[in-house]
1. Here are some residues: Val40, Val31. Which one is touching a residue at least 40 places away in the same chain (Cβ under 8 Å), touching a Lys or Arg at 6+ places or on another chain (Cβ under 7 Å), in a strand (DSSP E or B) and of a type outside the set (Phe, Trp, Tyr)?
2. What pairs come out if I take residues in segment 82-103 that are touching a residue at least 60 places away in the same chain (Cβ under 8 Å) and pair them with residues that are of a type in the set (Gly, Ala, Ser) and buried (at least 20 other Cβ atoms within 10 Å of the Cβ) whose C-beta lies under 9 Å away, six or more apart or interchain?
3. Going by the structure shown, is Thr68 surrounded by fewer than 18 Cβ atoms within 10 Å (Cβ to Cβ) and hydroxyl-bearing (Ser, Thr, Tyr)?
4. So which pairs qualify, if the first residue must be in segment 112-139 and closer than 16 Å to Asn79 by Cβ, the second must be polar (S, T, N, Q) and not in a helix (DSSP H, G or I), the Cβ gap must be under 6 Å, and the two must be at least 6 apart or on different chains?
5. Given the criteria crowded, with 20+ Cβ neighbours inside 10 Å and modelled with pLDDT of 95 or more, does Val33 qualify?
6. Could you please find all residues in segment 80-107 being surrounded by fewer than 17 Cβ atoms within 10 Å (Cβ to Cβ) and in a loop (DSSP other than H, G, I, E, B)?
7. How many residues does segment 72-102 hold that are in contact with a Gly (Cβ under 6 Å, 6 or more places away or on another chain) and modelled with pLDDT of 95 or more?
8. If you take the residues in segment 110-131 that are buried (at least 18 other Cβ atoms within 10 Å of the Cβ) and not aromatic (Phe, Trp, Tyr), which one is farthest from Glu12 (Cα to Cα)?
Amino acid sequence: MEITPAVLRTIELFTGLNEKQLVALAGIGRVSVFRRGDVVLRAGEQSTALYVVLKGQVEVVSELAENTTSLVILGAGQNFGEMALLDAGPRSATIRCISAEATLLTFDGVELMRFWEQEPQVGYRMVINIARDLAFKLRIRNLTTTAPDEVMHL
């Protein structure tokens, strides 16, 4: 799959970027294809890569002791890996392909940060978009896991 500005324009992570900026980003991204059951990344691993689902679906799972719990399913246009990109911490969940095939756009974290230093407007816009996405994910998680009379402390 060729990564073009038209493809990137459909993804919320890149909202607010112009044609020139999208062309530059397309140049540093790498496309990978995964098959059903393939593990994209594992909880606890050290990596700062940021991923965008271009086609197919991946599942975010928590693997605690002997239990595996599906947390969410991500599809085309959605991203993951943003937490490790921002805090350089270990991966918090395992991601695996659940569709027959999933095409992912991957940005190496070090290379992406270097690009943001050279193009601070791109970095600013993408970090704002990441923050909005994280806020949305946290809000949904709070609404689905916290009883109305409980308070979640962060």
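The values are calculated or read from the model by the stated rules, or taken from the named source; none is laboratory data. Quantities reported herein were computed from a predicted structural model and do not represent experimental measurements. Cβ: placed from backbone, ideal geometry, glycine included. Neighbour counts: every protein chain shown.
1. On inspection, the qualifying residue turns out to be Val40.
2. Cys97/Gly56; Ile98/Gly56; Ser99/Gly56; Ala100/Gly56; Glu101/Gly56; Ala102/Gly56; Thr103/Gly56
3. Numbers: surrounded by fewer than 18 Cβ atoms within 10 Å (Cβ to Cβ): yes; hydroxyl-bearing (Ser, Thr, Tyr): yes.
Here the answer is yes, as Thr68 does meet what is asked.
4. Short answer, once both residue conditions are applied: Asn129/Thr15.
5. No.
6. Ala88, Gly89, Pro90, Ser92, Ala100
7. Qualifying residue count, segment 72-102: 3.
8. Checking each candidate, the answer is Leu112.
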